[in-house]
Structures are given as C-alpha cells and as structure tokens.
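The values are calculated or read from the model by the stated rules, or taken from the named source; none is laboratory data. It should be emphasised that the depicted structure is a prediction, and the values quoted were computed from it without experimental measurement. Using ideal geometry, Cβ is built from the backbone for each residue, glycine included, and neighbour counts are taken over all protein chains shown.
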Amino acid sequence: MAPPPNRWSAVSALFCSLLFLILPLSSAIYCDEDDCYDLLGVSQSANSSEIKKAYYKLSLKYHPDKNPDPESKKLFVKVANAYEILKDEATREQYDYAIAHPEEVFYNTARYYHAYYGHKTDPRAVLVGLLLVLSAFQYLNQWSRYTQAISMVKKTPAYKNRLRALELERSGGMANKKKGNKQMDKTMLEDLSKELDLQIQGAEKPSMWNLVAVQFLLLPYTLGKLLLWRGCWFWRYQIKKAPYSWDDACYMTQTCLRVPLKAWRNIDELTKSDLVHKRLWNKANMDSYLADMRKETKRRR
C-alpha cells in the first residue's frame, strides 16, 4: 500500500512554484531579460580584450549622436550596462554564477546589490540610522512600560483612596457634586492624578536624555566630566586627605551598600544620616554593620 501524500510537501512545492513565478531569474537583475554576452555579441568564454572591442564597436553604432533611430538610445544604454558588468572580473564571475545557478535567487540578488550599492553606503549614515532606529524602539518601550505601570497603579485601592482624600482636602472637606462645578472637579482630578503620578515608584517617565542616540552624542562630554570628577576626587581625598562632604559620603555609603540610586533617593533622611555616620566605606565599620544586621535578622526569626 502506498504511503499517504505528505501535506507539507505539497504545500512546500506549491509555495516554491509560486515563488519562481513571482520572482525574476537571478540573471535578470544584471541585464534585465537580455543576456549580457548576447548584447555585446560575444561568447561566454570571450576574454576581456574581445569584450572591450565588441563594446567600442557597438557603442559607435548605437550612440545617439551618430544614430538618429529612437531605439538606438535604449540599445546604447543596454550595451553600456552589459559592458560595465562584464569588464570587471568580480561582477562577471557573479553574473556567470547567476547563469549557472538560477535557482539561488536570494543569494545572487544579495551579491548583486552588495557589489553595486554596498560600497556606496556611507558607514556614518548607517551608524546614524541604526542609532535613530534603536532610540525609537527604546523610547516606545519606555513609554509603553510607563503607561502600563501608571494604569496598574491607578487600579489599586490605595491609589483611589489617596486620590479621594486629596480631592476632599482641596474641596474643603466635602465633595462638590453640583452640576455647574463638574468642569472644576475634572480639572482638579487631572491635577491630582499628575501629582500622584510623580509619586509612583518604578514608573519613570521616558526622557529624551536617556536615549541611545543622545547618550552617544554626549559621550565625549560624559567621559570628560567623568575624568574631571575622578581627578578632583583623587586630589581632594587621596592627596589632601580632606573629609568627605555630605554628598560624597552619601555616594560612598550607597556604593558600599550596593543600593540603586533610585532606591537610595527613596530612603528617608534620618536613615540616610544614620548610615552615613556609620562610615561604612571603612572595612571594619562595614563588617560590624553586616554582623549587626545578621544578628537582627536571626532575632526576628
């Protein structure tokens, strides 16, 4: 008994048939539907000297200045294009490969466009285009995450209760439900929503300054600023042995605790002051602090 036909094989065969009907032959991208060798009247085994002589002969014959026939201009363009392809060994080799392997449509087409257009592309333009595309995707991703976070937080009871409390506080302790004040209530709710949006953690609004393209343009400035900061830090605290300022002490504490900057900003000032005064950038103080934290954790358990 013969095996049943493979449905996927039939679909694949149909797809390939349609593909070959839609796409032109690989060699057609070089001289359209004509053969480059036939246009010059030479064989495929002709050497470069024979190709050159044939081109000069045909160019004189079909040049628009010497041949008034309207079709001569079209033939002259075709002959010139065929000569440009066959005079170069690299493009001629690609054309011969396309003739011998017409089924490799995508490969031959890619080689053709790379040979004729790849070297004309300015790398700087490619870099700028890539940065712009990446920045666009980055901005869209950040904006999507921001709107999703805002939407999720606004659905929580805590957000709604806080919004209601602020509304009552601004309206003098009572909800204003008069018809004439609907517009005022709407404006108030919008202002309160914006005020609460700023308090939502993890929903940072997208900024143009964080985009890849902007950061790349500001890279020399950023590196120069970083080097200057490092130099001032080394001179002030390593050479002069000056005491740390409050901001620098906060930075050292944050670095030692490996706390993200956003999380550090959310810590209350009393806790920050206590951590800074512990001088955790000293190894002995840090070890003592970690030991106390482990003891406190065991005690709570």
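Quick notes on this one:
- Checked against the criterion of being closer than 30 Å to K205 by Cβ, free of Cβ contacts under 8 Å to residues at least 60 places away in the same chain and surrounded by 13 or more Cβ atoms within 10 Å (Cβ to Cβ), the stretch 275-298 has at least one qualifying residue.
- Residues satisfying the stated conditions in the stretch 80-114, i.e. in contact (Cβ under 8 Å) with a residue 12 or more places away in the chain, closer than 11 Å to Y30 by Cβ and of a type outside the set (F, W, Y): N81, A82, I85, L86, T91, Q94, D96, A98, I99, N108, T109, R111
- Of residues in the stretch 247-301 being outside any helix (DSSP H, G or I) and under 22 Å from W233 (Cα atoms), the one nearest to the chain's Cα centre (by Cα): P260
- The single condition among (1) out of contact with any helix residue (DSSP H, G or I) (no Cβ under 8 Å at 6 or more places or on another chain); (2) at pLDDT 85 or above; (3) exposed (fewer than 14 other Cβ atoms within 10 Å of the Cβ) that A10 does not satisfy is (2).
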